[in-house]
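Shown next, in structure tokens, is the structure this report addresses.
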Amino acid sequence: MDESVKLRRRIPSNSDELRPRLGSISSVGSSVQHLWTSRPDRPLHVAQASLFTASSGWTNYKGFFNLAILLLFLSNARVALENLMKYGILISPLQWLYFVTTDPWNCPYLLLALLSNITVLASLFIEKMIARRWLPELIAAAIYIAILSVHITFPVIVTVIVQVYLSLIPHENFTAISTAAC
């Protein structure tokens with residue numbers, strides 16, 4: 001056996017250290033406690049109930065919600081990237097932008113989504129006027145009712161107009177118009 005390689009051995013303990021001193025009860029208890037905490041096989045973990053049980057009292061699931069949103073985003077991004085690699089870009093963005101901006105009725109539902117933000121901005125403007133006491137609350141309530149009724153009825157009116165318009169088109173041109181309706 002090579003002398004440069006040495007095996008480590010356990011250092012034998014002094015038997016006096018392991019034996020409790022027989023002075024007083026407190027010294028016996030402290031030496032037993034010292035022996036218990038210095039044992040090499042002492043448990044590192046404490047048994048606990050799972051955080052998912054109802055008795056744990058833990059109700060903050062924000063991390064799991066964030067993980068679910070992240071996984072949802074990544075899985076959809078993977079599918080979008082896969083479709084982009086497989087089929088490429090099928091439309092010209094400039095041609096699509098020209099198509100949408102020339103006639104707003106080409107994509108009425110896109111226009112509705114963009115116009116729905118007007119009610120949000122109007123509500124913000126009204127709230128600021130109320131906070132500065134420029135607008136009485138009774139008049140603000142009437143304006144809110146008007147904004148809400150327009151916000152609810154305008155999409156219905158646009159949808160009815162689009163359906164009537166599409167029903168007047170002959171069937172051979174129906175697929176071209178329905179795909180252009182966004």
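The values are calculated or read from the model by the stated rules, or taken from the named source; none is laboratory data. No experiment lies behind these values; they were computed from the predicted model shown. Methodologically, a virtual Cβ is constructed for each residue, glycine included, from the backbone with ideal geometry; neighbour enumeration extends over all protein chains shown.
Observations, loosely collected:
- Test: residue in the range 100-122 that is hydroxyl-bearing (S, T, Y) and either without any contact (Cβ under 8 Å) to a residue 12 or more places away in the chain or not in a helix (DSSP H, G or I) (or both): yes
- Hits in the range 111-153 (condition: closer than 30 Å to V100 by Cβ and of a type outside the set (A, V, I, L, M, F, W, C)): S116, N117, T119, S123, S149, H151, T153
- Applying the criterion of at least 3 residues that are of a type in the set (A, V, I, L, M, F, W, C) and at pLDDT below 65 to the helices (runs of 4 or more DSSP H) found wholly in the range 12-88 leaves 25-37.
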